[in-house]
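The values are calculated or read from the model by the stated rules, or taken from the named source; none is laboratory data. For clarity, every value in this text was computed on a predicted model and none was experimentally measured. Using ideal geometry, Cβ is built from the backbone for each residue, glycine included, and neighbour counts are taken over all protein chains shown. In case anyone asks, the SASA skips ligands and DNA or RNA and just uses the protein heavy atoms, side chains included. Shrake-Rupley method; radii C 1.70, N 1.55, O 1.52, S 1.80 Å.
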Amino acid sequence: QVQLVESGGGLVQPGGSLRLSCAASGRIFSPSFMAWFRQAPGKEREFVAAIRWILGSTYYVDAVKGRFTISRDNAKNTGYLQMNSLKPEDTAVYYCAVGGDTYRPWEYAKYDGWGQGTQVTVSS
């Protein structure tokens, strides 16, 4: 079983940046995708971005395109989410996940490994 540990969350002012990390450990690690989801209070969990672990192709929700960048370091079994130009509406708990459906990487039910989440708060 794979363990995922997120880090890098925190409080940032609007327009600021944060980089989240997701370190994987445990069994041999070669998922279809590593993805980031977020959940704000009172809202459902929302897809943010995904990256195919081997090929590196990326997918984003429209709300973050041009501001967020997902990447991974295969040798370190670590994924990243660089978040720039942050807005108050980006405030949420961010979760990394591994697994995913080959053709629908935004479906959270298809992910079988989840981290504990890291809080991101965008506020002045």
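List of remarks:
- Applying the condition of being in contact (Cβ under 8 Å) with a residue 12 or more places away in the chain and open to solvent by 40 Å² or more (accessible area, probe 1.4 Å) to segment 108-119 and asking which residue is nearest to GLY10 (Cα to Cα) yields GLN119.
- Per the listing GLY16, GLY66, GLY9, the residue uniquely at pLDDT 95 or above, open to solvent by less than 30 Å² (accessible area, probe 1.4 Å) and out of contact with any helix residue (DSSP H, G or I) (no Cβ under 8 Å at 6 or more places or on another chain) is GLY16.
- Segment 69-105, residues that are open to solvent by 50 Å² or more (accessible area, probe 1.4 Å) and either at pLDDT below 95 or of a type in the set (D, E, K, R) (or both): ARG72, ASN74, ALA75, LYS76, LYS87, GLU89, THR102, TYR103, ARG104
- Enumeration of residues in segment 20-41 that are at pLDDT 95 or above, part of a loop (DSSP other than H, G, I, E, B) and of a type in the set (Phe, Trp, Tyr): none
- Enumeration of residues in segment 83-107 that are farther than 17 Å from ALA23 by Cα, of a type in the set (Phe, Trp, Tyr) and in contact (Cβ under 8 Å) with a residue 40 or more places away in the chain: TRP106
- When the residues of segment 42-54 are filtered to those that are touching a Ser or Thr at 6+ places or on another chain (Cβ under 8 Å) and outside any loop (DSSP other than H, G, I, E, B), the one that is most open to solvent (accessible area, probe 1.4 Å) is ARG52.
- As a summary of the residue check, SER123 satisfies the conditions (1) surrounded by 16 or more Cβ atoms within 10 Å (Cβ to Cβ); (2) in contact with a helix residue (DSSP H, G or I) (Cβ under 7 Å, 6 or more places away or on another chain) except for the one numbered (1).
- Selection status of GLN3, polar (S, T, N, Q), farther than 21 Å from TRP106 by Cβ, surrounded by fewer than 17 Cβ atoms within 10 Å (Cβ to Cβ) and out of contact with any Pro (no Cβ under 8 Å at 6 or more places or on another chain): yes
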